[in-house]
Amino acid sequence: MSISISGLTKRFGQTDVLRGIDLGVEKGELVALLGPSGSGKTTLLKIIAGLEWPDAGQLLVDGADWLQLAAQDRRIGFVFQHYALFPHMSVRDNLAFGLAVRPRNERPGKAVITAKVDELLHFLQIAHLADRYPTQLSGGQRQRVALGRALAIEPNVLLLDEPFGALDAAIRRDLRRWLRGVHEATGSTTIFVTHDQEEAFELADRVVVMGEGKIEQIGHADAIHDHPATPFVARFMGATVELPVTLLAGRAEGAGLDLAALPRRALGDGPARLFTRPEDIVALPDPKAPWRIVTRTSNGANLRLVLRHPDLGEAEVDTPRRATAADALVVDAPVRLRIAFGTIFPDGRKAATATTAQPASISIQEARQ
Amino acid sequence: MSTATFDPPIRAKRVLPGFTLSLGTTLLYLTLIVLIPVAALILKGAEIGPDRFWRIISSPRAVAAFQITLTAAAIATVFNAVYGLLMAWVLVRYDFPGKRLLDALMDVPFALPTAVAGLSLTALFSANGWFGTVLHPAGIPVVYTIWGIAMAMAFTSVPFVVRTVQPVLEDMDPALEQAAVTLGARPWAIFSRVVFPAILPAWLAGCTTAFARSLGEFGAIVFIAGNLPFKTEIAALLAYIRLEEFDYNGAAAIALVLLGFALILLLVSNLLQFWASRYHEVSR
Ligand SMILES: Nc1ncnc2c1ncn2[C@@H]1O[C@H](COP(=O)(O)OP(=O)(O)O)[C@@H](O)[C@H]1O
Ligand SMILES: [Mg+2]
């Protein structure tokens, strides 16, 4: 089923949790809601499921107004963050729940339910766990049961809230691949919530980045990585180094910065901010440069340098330890920074005069030396 | 030449000090307050000899007293099982003005001297009391009937149900019910299949303790019961009467039967809880 959300807002007391959400999801698509904790991801998911109600906005599924529909009637498969398996029911009974509680005239017969549950148990590779209770299962097994319980009702839409949040890394990777397989086999429209970029990008067709109740960017992994739409997305995607620069005739300049690698762009003159990742910065020894190395730590493969500029504060740089120039990178050495890759956003207050109303963003992909 | 042989043995230090002292105090207290009186009662009973013991407790008056006590306690417990559950539900699930006050009122039966409770109930339900003036002409006498006894029992034991169910209901993960909703369950199915099984052990425990408490209630009942032998005389009162007649053996025999009921109830309560929470057992 296709989902169309527009102008959705929600506040809890004094906090605006959702501040105008517009989002379309195609039939059969696998979409990730990615954002830091507290950005409203769960709330959005619960509104789609009918467990929360928005203050304003629209939620259409295949053209039908779902805000007129009780949660029970939406046929949603919801997988909760902590699974929410029924503790007093065996795995089998958990899986059967959605079918067993149907109104009498729609309820399948006992034999049909049993067959359906057996089929699910095999499909999810948990047949050997059928008679256990949830407390007797590992985290990964619970996750599979939770998904199975949701799939049993053949849901219109599958919603997963941080499905792998509570699991350790190896099981996560396994389950991720497995979930992708399940999605492809069932073909259901799926939205899952995560705060883990890797998970979002590996699993989803499209990623929706949320920050503080708003959608900051929608796109594919590469686009979000290379062309963050807002400073928020840039920071969230790991561009943690923020440097003030000045735009002059489309070129950026900054104190002790070598920005020649960044191409010319159509931005008005004035102050701007450059967002870049520690690994996209190359520190070059230069006796006249204003940056000084404060600390130098090695993790074996890489050196992490903390640099300080007398006016601009600190910046972090990751550089391969065995690179030819690395030996010269000692504490107190003066360095210049060559930025191989970055995103520039005009400073907010000047942006209005310098560019169009839309906050402009231009990024550059440059071959690194 | 190792010095190791002179090293003192290593003793693990407890994180919390005073284990011996606190355990000792607790056991001493338990012995003085609970075990010795119970043992004394049992010894007293053993002294009577089985024949006499049987004669005392199977005398028509004693049998009637046990019957009345058990019946009234059963009525009170059925009432409390329903009302206590409802009350706990209301206190946990809804927000309304005066909720805190209502919550605090729930402890009144615990705090109130039972004699005061008995007196006020009697005043309310006697033929010219507020409720009595309505009930009496309608042919529903409460005072001096088993209904009065049951009501007094219900009054003093309802907090046991409320206060055992309430915390369990509060701790229930709301996601369980939300999961049931998304799976299409209607309110009744959610309650009967998800919520109720979760609170069942606590509810059963609360009901059995309430029942045990009702069996032993004395102060609240004697005022409202009228205490007619064979009609409204409860077992605890009969034991008291025997004691006043200096018939220690008679009192002890009746008290022992009450003790037996209480112990059986405790056992039942624990078995029920064990059964109801069986799916928690096997983990770890
Ligand atoms: N039931 C609620 N009552 C009050 N505040 C809530 C409630 N649910 C969520 N919030 C608040 O809404 C914000 C977003 O929460 P949530 O949707 O859970 O974010 P996320 O899932 O992205 O971490 C948080 O600040 C949270 O405190
Ligand atoms: Mg969340």
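Quick rundown of the values:
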item	result
Residue selected from region A:98-156 under the condition more than 24 Å from A:Arg173 (Cα to Cα) and among the β-branched types (Val, Ile, Thr), by the criterion surrounded by the fewest Cβ atoms within 10 Å (Cβ to Cβ)	A:Val112
Only listed residue being away from chain A (no Cβ under 14 Å), open to solvent by 80 Å² or more (accessible area, probe 1.4 Å) and either touching a Gly at 6+ places or on another chain (Cβ under 8 Å) or not acidic (Asp, Glu) (or both), chosen from B:Leu259, B:Leu263, B:Leu238	B:Leu263
Among the candidates B:Ile149, B:Ile140, residue that is at negative phi, open to solvent by less than 10 Å² (accessible area, probe 1.4 Å) and more than 14 Å from chain A (Cβ to nearest Cβ)	B:Ile149
Condition check for A:Lys46: closer than 19 Å to B:Pro174 by Cβ and either more than 17 Å from the chain's Cα centre (by Cα) or away from ligand 1 (no atom under 13 Å from the Cβ) (or both)	yes
Among the residues listed as B:Ala117, B:Ala210, the single one being surrounded by fewer than 23 Cβ atoms within 10 Å (Cβ to Cβ), more than 14 Å from chain A (Cβ to nearest Cβ) and within 19 Å of the chain's Cα centre (by Cα)	B:Ala117
Selection within region B:47-78 - within 28 Å of B:Thr209 (Cβ to Cβ), open to solvent by 40 Å² or more (accessible area, probe 1.4 Å) and either not aliphatic (A, V, I, L, M) or not assigned by TED's automatic domain parsing to the domain that holds B:Thr145 (or both)	B:Phe53, B:Gln67, B:Thr71
Evaluation of A:Gly109 against (1) under 34 Å from the mean Cα position of the chain (by Cα); (2) more than 9 Å from chain B (Cβ to nearest Cβ); (3) not basic (Lys, Arg) (one fails), failing number	(1)
Positions within region A:14-41 being crowded, with 20+ Cβ neighbours inside 10 Å and either within 14 Å of ligand 2 (Cβ to nearest atom) or within 14 Å of chain B (Cβ to nearest Cβ) (or both), in sequence order	A:Val17, A:Leu18, A:Ala32, A:Leu33, A:Leu34, A:Gly35, A:Ser39, A:Gly40, A:Lys41
Selection count where residues are within 14 Å of chain A (Cβ to nearest Cβ) and either under 21 Å from the mean Cα position of the chain (by Cα) or charged (D, E, K, R) (or both), scope region B:158-178	4
Scan of region A:138-174 for residues that are in a loop (DSSP other than H, G, I, E, B) and either within 14 Å of chain B (Cβ to nearest Cβ) or within 16 Å of ligand 1 (Cβ to nearest atom) (or both), ordered by number	A:Ser138, A:Ala152, A:Ile153, A:Glu154, A:Pro155, A:Asn156, A:Glu162, A:Pro163, A:Phe164, A:Gly165, A:Ala166
Residue among A:Leu120, A:Leu99 that is in contact with a Leu (Cβ under 6 Å, 6 or more places away or on another chain) and part of a helix (DSSP H, G or I)	A:Leu120
Some residue of region A:215-236 being part of a strand (DSSP E or B), surrounded by 17 or more Cβ atoms within 10 Å (Cβ to Cβ), at pLDDT below 90 and of a type in the set (Val, Ile, Thr)	no
Residues (within 23 Å of A:Leu59 (Cα to Cα) and of a type in the set (Phe, Trp, Tyr)) located in region A:157-204	A:Phe192
Residue count, region A:42-75 (criterion: within 16 Å of ligand 2 (Cβ to nearest atom) and either within 14 Å of chain B (Cβ to nearest Cβ) or open to solvent by 20 Å² or more (accessible area, probe 1.4 Å) (or both))	9
Options A:Phe78, A:Phe97, A:Phe86, A:Phe164; residue that is in contact with a helix residue (DSSP H, G or I) (Cβ under 9 Å, 6 or more places away or on another chain), of a type in the set (Phe, Trp, Tyr), without any contact (Cβ under 8 Å) to a residue 60 or more places away in the chain and within 16 Å of ligand 2 (Cβ to nearest atom)	A:Phe164
A:His183 open to solvent by 20 Å² or more (accessible area, probe 1.4 Å) and touching a residue at least 12 places away in the same chain (Cβ under 8 Å)	no
Residue in region A:19-33 that is near ligand 1 (Cβ under 10 Å from one of its atoms), touching a residue at least 60 places away in the same chain (Cβ under 8 Å) and in the same structural domain as A:Glu199 (by TED's automatic domain parsing) present	yes
Listing of helices (runs of 4 or more DSSP H) fully contained in region B:150-265 that carry 1 or more residues being over 25 Å from B:Val116 (Cα atoms) and modelled with pLDDT under 90	B:196-216
Filter pass, A:Ser2 being open to solvent by 40 Å² or more (accessible area, probe 1.4 Å) and within 16 Å of ligand 2 (Cβ to nearest atom)	no
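The values are calculated or read from the model by the stated rules, or taken from the named source; none is laboratory data. Note that the structure is predicted; figures quoted are calculated from it, not measured. No Cβ is skipped: glycine too gets one built from the backbone with ideal geometry, and neighbour counts run over all protein chains shown. Protein only, heavy atoms only, side chains kept; ligands, DNA and RNA dropped before computing areas. Shrake-Rupley method; radii C 1.70, N 1.55, O 1.52, S 1.80 Å.
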